[in-house]
């Protein structure tokens, strides 16, 4: 069983925020597989299943993402090797896409929560959202919507990311990195 977790905040208010890009990729995967909703209150999130694949959108708010992930991981006895977390990344330019296994949280509160509850050796799908000019603006920046200019690229970027994610359970991460990594949104356009 493989568990995909998209990070974000629940509710209409946050739906199109930069911080919610992980949720949007999960939505694309759920739609692709026609996954069915198997949510339970004990999962603290929206959980969908298709064959041996699980797709989770925690409803705990970002800072407590680990609570939801841990509940599902324990219930389905998911190994860390079969855990894939899709999240926004301030340290990458808008539209960049990177894949890695393990590592630190980079200050991302959702990853901090997950790391503290289940460990760090899971696959991370890092989606670059760029960063504001000043560190003091980070909270407002991640909780703001993508600009109209950025919105033009989102569907293609999300589809590209979802396609890569679909291959992760069966292919070596190195092969996916070389085929799907993006330096920026311009890489997708070319």
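Data table
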quantity	calculated
Qualifying residue in region 107-122 (condition: out of contact with any helix residue (DSSP H, G or I) (no Cβ under 9 Å at 6 or more places or on another chain) and surrounded by fewer than 19 Cβ atoms within 10 Å (Cβ to Cβ))	no
Check on residue 132, in contact with a strand residue (DSSP E or B) (Cβ under 6 Å, 6 or more places away or on another chain), at pLDDT below 95 and surrounded by 14 or more Cβ atoms within 10 Å (Cβ to Cβ)	no
Hits in region 66-107 (condition: under 14 Å from residue 142 (Cβ atoms), in contact with a strand residue (DSSP E or B) (Cβ under 9 Å, 6 or more places away or on another chain) and free of Cβ contacts under 8 Å to residues at least 60 places away in the same chain)	89, 90, 91, 92, 106
Qualifying positions in region 157-172 - in contact (Cβ under 8 Å) with a residue 24 or more places away in the chain and more than 16 Å from the chain's Cα centre (by Cα)	none
Residue match in region 50-69 (condition: crowded, with 22+ Cβ neighbours inside 10 Å and more than 26 Å from residue 116 (Cβ to Cβ))	no
Residue 94 being modelled with pLDDT of 95 or more and in a loop (DSSP other than H, G, I, E, B)	yes
Scan of region 112-129 for residues that are under 11 Å from the mean Cα position of the chain (by Cα) and in contact (Cβ under 8 Å) with a residue 60 or more places away in the chain, ordered by number	125, 127
Listing of strands (runs of 3 or more DSSP E) fully contained in region 1-62 that carry 1 or more residues being closer than 23 Å to residue 98 by Cα and touching a residue at least 12 places away in the same chain (Cβ under 8 Å)	2-6, 53-58
Lone unmet requirement of (1) in a helix (DSSP H, G or I); (2) within 21 Å of residue 67 (Cβ to Cβ) for residue 120	(1)
Flag if residue 100 is closer than 26 Å to residue 130 by Cβ, modelled with pLDDT of 95 or more and part of a strand (DSSP E or B)	yes
Selection count, region 70-89, where residues are buried (at least 20 other Cβ atoms within 10 Å of the Cβ) and at positive phi	0
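Yes/no matrix, rows are residues, columns are (1) in contact with a helix residue (DSSP H, G or I) (Cβ under 9 Å, 6 or more places away or on another chain); (2) surrounded by 22 or more Cβ atoms within 10 Å (Cβ to Cβ); (3) at pLDDT 95 or above:
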site	(1), (2), (3)
8	yes, yes, yes
21	yes, yes, yes
32	yes, no, yes
38	no, no, yes
41	no, no, yes
46	yes, no, yes
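The values are calculated or read from the model by the stated rules, or taken from the named source; none is laboratory data. Small disclaimer: the values here were computed from a predicted structure and weren't measured. With ideal geometry, Cβ positions are generated from the backbone for all residues, glycine too; neighbour counts draw on all protein chains shown.
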